[in-house]
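Chemist: Structure provided below as structure tokens; questions to follow.
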Amino acid sequence: MCTWRALVLGCALLAPPAHADVDERLARAEEVKRTSMAAFDQEIGRIMADLSRLTAVQRDRLDYLLAWRDTFTGDYVAAINEFERLIAQSGDEVVRFRSRATLLNALTLARRHSEAYEHLTLLVDDVDAMPDRAARDQALGVIAQLLNQGAQYKESLAFSQRLMQEGEQAWARCGAQFLIVEAKVRSGDLRDVSPESLQWADRCSTDGEAVFAGLLRAQLARLHLRNNRPEAALAMLAAHAEAMAATRYPSLAIDVETIQAQAYLAQEKYADADATAASAIAKVAPGVASESLGQAWRVRYLVAKAQGDNAGALSAHEQLLATEMAYANDIGQRALAYQMARFQARANALQIESLNQQNELLTLQQEFASKNTQAARLTIALLLTVLAFGLFWAIRAVRLRRHFQLLAQRDSLTQVSNRRYFVEQVTSALEQLQRHQQGAVLILVDLDYFKLINDRYGHAEGDEVLQRAAAALRGQVRKGELIGRIGGEEFAILLPRFEADMALQRAESFRRALHTVPYGPAEARRSLTASFGIVSSANAGYNLRDLMMRADAALYVAKNSGRDRVEVFRETSIETSEQALASPVSAGSDERL
């Protein structure tokens, strides 16, 4: 212990360096930030109590952790600004690298996708050279996560599996396992709960990685729902409810309540389903569209519909359509941003290569300048070769850009327009038709009993049915008409310069074309059928959202009238469409084939 005499002489000289204690607290805060926000805040508070003791590097590490907390709590603007400052100014290589990795998360959450994927290409270029293993593991996880969010599942799996192989810490392995399961669930490669995934969820929980354990269990509960096991989904979530809630992780809480609401709906516990879905919706930040939010609105819509609440069903259906459109647009923007970032990186590489070639050419010109005419001709020939090389890569770059644009516009399974691009095309077409006072007809097509096809014959057969159905519809579409896949088994077709009565015959040709699509085993082949809803601009105007709502109402009339038929929405049939909405039979009915 220091006496007053020692204090006079400088007791601090006898004590350990002050910065060593700060390093320990920074390491402790880093360790607990994924498992206990309360402990994290406590450590940060102790460090900030005496900022004057911090070295420059320690202050950068503290600023990084504060920006990380801003990202976790939703203050994305503050987090982005601080991460960008650290990338530009920090004198510590690891802080700069980790700031870019976490900046990707903040940019994605703030829906600044183009910037996020630009930084992604930089992080991918730097990850192999990062000597700090923990920082490298963090980067691999962030890269895989961002690729998952952009629907680039194959590329995401490569980084997740690398993280699984190289990661030494529990958080790295648990994060990798969650990202692997998420990619396989979303891509359809994992169709049911596996013993290995259950073991990993328990292992992550034991290792104190409650967030990853909870995210894993949410994915597995979704698989229980997909396989018609709502009781198993609820049991899994209930068994670990306390641990999940203790994480205070917003997206996990929303996912859990959405899954519970879907399970209650499957059990026809309508009051529980509606209340839980409403609670999940209330937790979503304003302006955010997510898959879980769309699922929660679908639950509220189906509950209101089953209970005969027509006004509530229509209101929930409006929110459902708006959310699904916004989410589809968001996914499309992410995919396009990813492809454009890849294209830009490739273009930059080609530009650098071209400049190198030009520099080499200039060097050759200087070397041959003093030689004879033959050498000069050789120089000119080399120049022409380099110019031809540059022209070749310029043409190739244009073709690559067009290729990436098509990837972002097409549905990868059916090769028709995806929802985002279809909405863009139709909105533009409707504006032109309105200016010229020309009519238009929107047709919604919903394949009958598609869920039962998936359940009975498997998702691979379901995918083939979707491909054949899209091909059959595409074969009937004429020049100037637009077709897109807007849902799992739902397509939409815009017929410009048509009225509803004129379009009825066209819709019947689409319906008959789908009859040519077979499915099922060879000994019991069946023909595909679909229900159609038609609405014209004369009835609904030129607003796509209004057209979609009315065509959807007509579609449900067709479903409730026996399926495999076409229904036209008219002003005189509003009452009929409301009765269809009140009917207990829905497009997702489990009636037997």
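Chemist: Rounded, prolate or oblate: which fits the range 156-218 when a ≥ b ≥ c are the square roots of the eigenvalues of the alpha-carbon gyration tensor, with rounded for a/c under 1.5 and prolate only if a/b beats b/c? Could you put the intermediate results ahead of the total?
Modeler: Values: a/c = 2.01, a/b = 1.16, b/c = 1.74.
Taking the square roots of the gyration eigenvalues as a ≥ b ≥ c, the range 156-218 is oblate.
Chemist: Highest mean first, what order results for 254-262, 412-420 on Cβ atoms within 10 Å? Intermediate results must be reported in sequence, preceding the final value.
Modeler: Values: 254-262: 25.3, 412-420: 18.9.
By packing density, highest mean first, the sequence is 254-262, 412-420.
Chemist: Here is a further query. If I stretch the segment between Ser412 and Arg512 completely, what's the gain in nm (0.36 nm per residue apart, minus their alpha carbon distance), one decimal? Numbers along the way, then the final one.
Modeler: On the way: separation 100, 0.36 × 100 = 36.00 nm, distance 2.51 nm.
Contour length minus Cα-Cα distance gives 33.5 nm.
Chemist: If you don't mind, another one. So how far apart, in nm, are the two label points at Glu424 and Gln267 if each is 7 Å from Cα heading toward Cβ?
Modeler: With each label point 7 Å from Cα toward Cβ, the separation is 4.4 nm.
Chemist: Let me ask something else about it. Mind ranking 132-144, 59-71, 284-296 by how tightly packed they are, going by the mean number of other C-beta atoms within 10 angstrom, highest first?
Modeler: 132-144, 59-71, 284-296
Chemist: At q = 0.10, 0.20, 0.21, 0.22 Å⁻¹, what base-10 log of I(q)/I(0) does the Debye formula yield for the range 191-308 when every alpha carbon is treated as an equal point scatterer in vacuo?
Modeler: Debye intensities relative to I(0), on a log10 scale: -0.29, -1.07, -1.15, -1.23.
Chemist: Another question, then. Hey, how many Å between the Cα centroid of the range 126-198 and the Cα centroid of the range 482-558?
Modeler: Cα centres, the range 126-198 to the range 482-558: 40 Å.
Chemist: Report the trypsin sites (Lys or Arg not before Pro) located in the range 480-574 that are in a DSSP loop and have at most 11 other Cβ atoms inside 10 Å of their Cβ, or state none. Intermediate values should be presented prior to the final figure.
Modeler: Values: sites: Arg485, Arg497, Arg506, Arg511, Arg512, Arg525, Arg526, Arg545, Arg550, Lys559, Arg563, Arg565, Arg570; in loops: Arg497, Arg525, Arg563, Arg565, Arg570.
Counting only loop positions with at most 11 other Cβ atoms within 10 Å, the trypsin sites (Lys or Arg not before Pro) in the range 480-574 are Arg525.
Chemist: For the range 162-256, would you read off the P(r) tail past 23 Å as a percentage of all alpha carbon pairs?
Modeler: Working: 803 of 4465 pairs.
In whole percent, the share of Cα-Cα pairs in the range 162-256 beyond 23 Å is 18.
Chemist: So, counting K/R as plus one and D/E as minus one, what does the shell of residues with Cβ under 13 Å around Ala78 add up to? It would help to have the intermediate numbers written out before the result.
Modeler: Values: positive: Arg69, Arg85; negative: Asp63, Asp70, Asp75, Glu82, Glu84.
So the surrounding residues net to -3.
Chemist: Under the 0.36 nm per residue contour assumption, what length would be gained going from the current alpha-carbon distance of Ala245 and Gln434 to full extension?
Modeler: On the way: separation 189, 0.36 × 189 = 68.04 nm, distance 5.13 nm.
Taking Ala245 through Gln434 to full extension adds about 62.9 nm, to one decimal.
Chemist: Another one. What does the net charge come to around Ala277 if you take all other residues with beta carbon closer than 9 Å to its beta carbon, with K and R at +1 and D and E at -1? Could you put the intermediate results ahead of the total?
Modeler: Numbers: positive: Arg298, Arg300; negative: Glu257, Asp274.
Value of the local net charge: 0.
Chemist: Less than 12 Å Cβ to Cβ from Pro230, Lys/Arg counted +1 and Asp/Glu -1: what total charge do the surrounding residues give?
Modeler: Details: positive: Arg222, Arg226, Arg229, Lys269; negative: Glu231, Glu268, Asp272.
Combined, the nearby Lys, Arg, Asp and Glu give +1.
Chemist: If R₀ is 45 angstrom, what is the calculated FRET efficiency for the pair Met502 and Glu461, using the beta carbon separation as r and rounding to 0.05? Walk me through the numbers before you get to the answer.
Modeler: On the way: r = 36 Å, r/R0 = 0.80.
The computed FRET efficiency comes out at 0.80.
Chemist: Sticking with this one: Fully extended, how many nm does the chain gain between Asp132 and Ala471 (0.36 nm per residue separation, minus their Cα-Cα distance)? Intermediate values should be presented prior to the final figure.
Modeler: Numbers: separation 339, 0.36 × 339 = 122.04 nm, distance 5.14 nm.
Full extension of this stretch gives 116.9 nm more.
Chemist: So how many Å³ per residue does the convex hull of the Cα atoms of the range 70-124 work out to? Don't skip to the answer; put the middle values down first.
Modeler: Numbers: hull volume 3.7 nm³, N = 55.
Given the Cα convex hull of the range 70-124, per-residue volume reads 67 Å³.
Chemist: Let me ask something else. Calculated FRET efficiency, Asp92 and Asp192, Cβ-Cβ r, R0 41 Å, to nearest 0.05? Don't jump to the answer; show the numbers that get you there.
Modeler: Details: r = 46 Å, r/R0 = 1.12.
In this case the efficiency is close to 0.35.
Chemist: Once you put a point 7 Å from the Cα of Arg112 and another 7 Å from the Cα of Ala78, both along the Cβ direction, what distance in nm separates them?
Modeler: Here the modelled spin labels are 1.6 nm apart.
Bear in mind these aren't lab numbers, they're just calculated from the coordinates by the rules spelled out. It should be emphasised that the depicted structure is a prediction, and the values quoted were computed from it without experimental measurement. FYI the Cβ positions are ideal-geometry reconstructions off the backbone, even for glycines, and counts take in every protein chain you see.
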